[in-house]
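Some notes on the structure that comes next.
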Amino acid sequence: QVQLVESGGGLVQPGGSLRLSCAASGIIFSNHAMGWYRQAPGKQREMVATIFPGGRIDYGDFVKGRFAISRDDAKNTAYLQMNSLKPEDTAVYFCYDIVLTLWGQGTQVTVST
């Protein structure tokens, strides 16, 4: 059974950092392009970052050097390091397997004082 499980979300103050993880099972992870998306209340889901086999990386325009996506194929895990967080980064963050068009369940990130 193919599964994506996110973790690492939570409440953080503005300017803080969080590291999200996406653990994949049931796939040959190294062959799959993986993405992080987010959806804030009342807004459309948007791409945060994607990482392809071989290392190509794309970021959403709003990231502006604050976030970094990475992957550890030996651990079947993708990561999203988020720094300099802003209240407008508050959203549910989803992991996405681009090959299978499969979503994880999401993890809530709240940036607030």
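Using 0.36 nm per residue of separation minus the Cα-Cα distance, give me the extension gain between SER84 and PHE52 in nm, one decimal.
My answer for the length gained is 9.0 nm.
Which value results for Rg/Rh of the chain when Rg is the Cα radius of gyration and Rh the Kirkwood radius based on the inverse mean 1/r?
We get a ratio of 0.95 for the chain.
With the dipole of the chain worked out from charges on the C-beta (+1 for Lys and Arg, -1 for Asp and Glu) around the Cα centre, which of ALA78, SER112, VAL2 lies farthest toward the positive end?
So the residue we want is SER112.
Each value in this text was obtained by applying a stated rule to the coordinates, not by laboratory testing. Small disclaimer: the values here were computed from a predicted structure and weren't measured. As a convention, Cβ positions derive from the backbone with ideal geometry for all residues, glycine included, and neighbour counts pool all protein chains shown.
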